[in-house]
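Have a look at the structure below, then the notes.
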Amino acid sequence: MRAFALILVSFLICNFGFAQSKKDSTKTSISKKALEEGIGLITRSNRDTVLVQNSDEEFLPFNGKIIRNIFIESVGFEKSIYGNQKPIVQKMGRIANKLHTNTREKTIRQNLFIKPNEKINPYKMGDNERFLRGLDFILDSRFILTPVEGTDSVDVTILTKDVFSIGFSAGGNLTSAPILRAYDANLDGRGQRLEFNLLFDTDRRPRTGIGASYEKKSFLGSFVDLGLFYTQINDGFSYGIEKEYSYGLKLERKLMSPYTRLAGGGQWSSNWSKNVYSRPDSVFLDYKYNVADFWIGYNFGAKKSIQDRNRMFLAVRSFKGYLIDTPVQEDFYQERSFRDINGVLTEMTFYKRDFFKTQYVYGFGRTEDVPYGYSLSPSFGIIRQEDTQRPYTGVKFNYSKGYPSGSFYIVDFNSSSFYNNSKLEDALVFTTFRYFTPAFVLGRYRLRNEINFSLAKLFNTNTNQWLEINSTQIPGLRIRDYQAEERASFRAGSQLFTPWSLIGFRIAMFGIFDMVRVRCNTCLDTENIYTGISSGLRIRNENLIFGTVEFKVTYIPNDETGNSKFSFKFRQNLRIKSTNNFVNPPSFIRFNN
């Protein structure tokens, strides 16, 4: 009997080992071929042409086939999106490989929409590839499909290339009150972000302030992003006017694809003012408040035929801000910041959204996903503040279109108003138009131009602040006292991506012309026009997470005092814009800047 048992166990081990060996052999042979193909796609930036391709184009020939296996492969830092690099850059890549933990296979699988044994939907496949590419710790991702001979099945190899996830940055006032940040956006390759912030200010008591946050992408594979934070440096979900300490949490499940049914999220925070600058008790406002904000949405048509990308998304949002301790000053009640507020908003979005892959929009040769299509979102809500309750209505419209040449444009229109005492209050109309030319190939250089026009107008202002001019419109200029009811702005800019490289850092030069016109019907000067001319450099290493470093100088012929001046700006951590969500959470349209 014992001999029979030994024979049976040996038989099972041998067969299991043979099956496992056969599976591993199959994976090795398929992955090796797919790896070569994927690396060729990721390093496309080294070619003469600029990538312009629909996100689903390469998957259409496999429509309806069955997924047999899903393999995960990763590319190290020794492979560059620019092709062959100088020996010193290759050596730095090998050092980075030793210091960096690649995204784990389990982490990648927690962010997949596709599963073995299901039929291929080319659009869903393209959505998932884009979704992975939108994670802040992934530089690029490619799905390589390999047909299985004699069957209607395919093997899918998912190829990812990480960014070096450890980053540092400096912000605040670098000379007197710097804020230093250190973070790892992919701790141990598990899709976890851990960040620490440190403020040092000699005028502050205590002189140092700290902050810490933690985030987990797709917690337990649920596509719910979990975030926790604590801060002493006033960078939480703050709504007050003093320097604040706070802690809180955030949950969010984005609408990653038109084939996703549910999306939602919420955040809660506790905030309290802190007299860190030793202001007199008669002036300092001592208060504490909590904020709760939650939303949920349902995507109608998630099971439509793959050719039909039109959808409806219904969402409801509820928020409440409530004071626990109020300032002792008698006139504090005049400040709207210190009144309990709550509201409910419902929004129906009609949308159709697709993407095409290109390069040299915001990135320096990496694959970027540009959306095109439309969305129309009418909304209705009610806001209660103390004894005042006002109905709210709004509409948001977005339309974007891309061309085979690689040019594209984006149109946004927003309008909102409150209804009170039989009339509209705080009505706003805001529209923008942006046009990007193709990325022209000039030898080893790439040139992309942009034109941007926007118009904002307020009606019957009650609680909205007046329109102002700040660095968003003209760098180095800030005008807040002018009670502008209308603002029109124009921007034309060019960015030249050069082949110049300094130990892996690429350099781009840019030039921008800005013009802003503001109008106030009740002011002595009913109309003012301001201009700015900017030029500078942008530097970026696509293998690093901390984004683009920008050096900018702006000449302003006529500032708020009527004099000319130069403005010098240094910015770090300019990030690539994410396109991970098809529909944004419902929001009350406010325009205070």
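With the charge dipole of the stretch 236-389 set up from +1 on Lys and Arg Cβ and -1 on Asp and Glu Cβ about the Cα centre, the Cα lying farthest toward the positive end among the listed residues Y289, F364, N275 is that of F364.
Here the Karplus curve 6.51 cos²θ - 1.76 cosθ + 1.60, taken at θ = phi - 60°, turns the phi angles of the stretch 525-532 into couplings of 9, 6, 8, 9, 10, 10, 9, x Hz, with x standing for Gly and Pro.
Of the listed residues E468, E527, the order by accessible area with a 1.4 Å probe, largest first, is E527, E468.
Computed over the Cα atoms of the stretch 426-486, the ratio of the radius of gyration to the Kirkwood radius (Rg/Rh) comes to 1.19. Taking the accessible area of the chain, probe 1.4 Å, and keeping the other protein chains in place, the carbon and sulfur fraction comes to 57%. Per-residue Karplus couplings for the stretch 261-278, computed as 6.51 cos²θ - 1.76 cosθ + 1.60 with θ equal to phi - 60°, are listed in order as 8, 10, 9, x, x, x, 9, 9, 8, 10, 10, 8, 6, 9, 7, 7, 10, 6 Hz, Gly and Pro entered as x.
The Q465 and I66 beta-carbon pair, evaluated with R₀ = 51 Å, returns a calculated FRET efficiency of approximately 0.35.
For the residue pairs K98/K217; K217/K352; K304/K352; K161/K254; K250/K320, the C-alpha atoms sit more than 19 angstrom apart in K98/K217; K217/K352; K161/K254. Structural size metrics of the chain, computed from C-alpha coordinates, are Rg and Dmax of 27.0, 106 Å.
Heavy-atom accessible area, probed at 1.4 angstrom with all protein chains present, ranks L198, L174 as L174, L198, highest first. When the surface is traced with a 1.4 Å probe over the full set of protein chains, W272 keeps roughly 60 Å² accessible. Karplus-based coupling profile of the stretch 155-169, in residue order and whole Hz: 9, 10, 10, 9, 9, 10, 10, 6, 9, 5, 7, 8, x, 9, 8, with θ = phi - 60° in 6.51 cos²θ - 1.76 cosθ + 1.60 and x standing for Gly or Pro. Of the two radii for the stretch 176-313, the radius of gyration is 1.12 times the Kirkwood radius, both from the alpha carbons; that is the Rg over Rh value. Think of each Lys and Arg Cβ as +1 and each Asp and Glu Cβ as -1; about the Cα centre, that makes the dipole of the stretch 81-140 roughly 260 debye. Annotation: per residue accessible area for the chain equals 50 Å², rounded to a whole number [probe 1.4 Å, protein chains only]. Rounded to the nearest 20 debye, the dipole size of the chain about its Cα centre is 1960 debye, using +1 on the Cβ of Lys and Arg and -1 on the Cβ of Asp and Glu.
The values are calculated or read from the model by the stated rules, or taken from the named source; none is laboratory data. Just so you know, these numbers come straight off a predicted model, no measurement behind them. Positions of Cβ are generated from backbone atoms using ideal geometry, with glycine treated the same way; all protein chains shown enter the neighbour counts. Remember, those area values only see protein heavy atoms, side chains included, never the ligands or the DNA or RNA. Shrake-Rupley method; radii C 1.70, N 1.55, O 1.52, S 1.80 Å.
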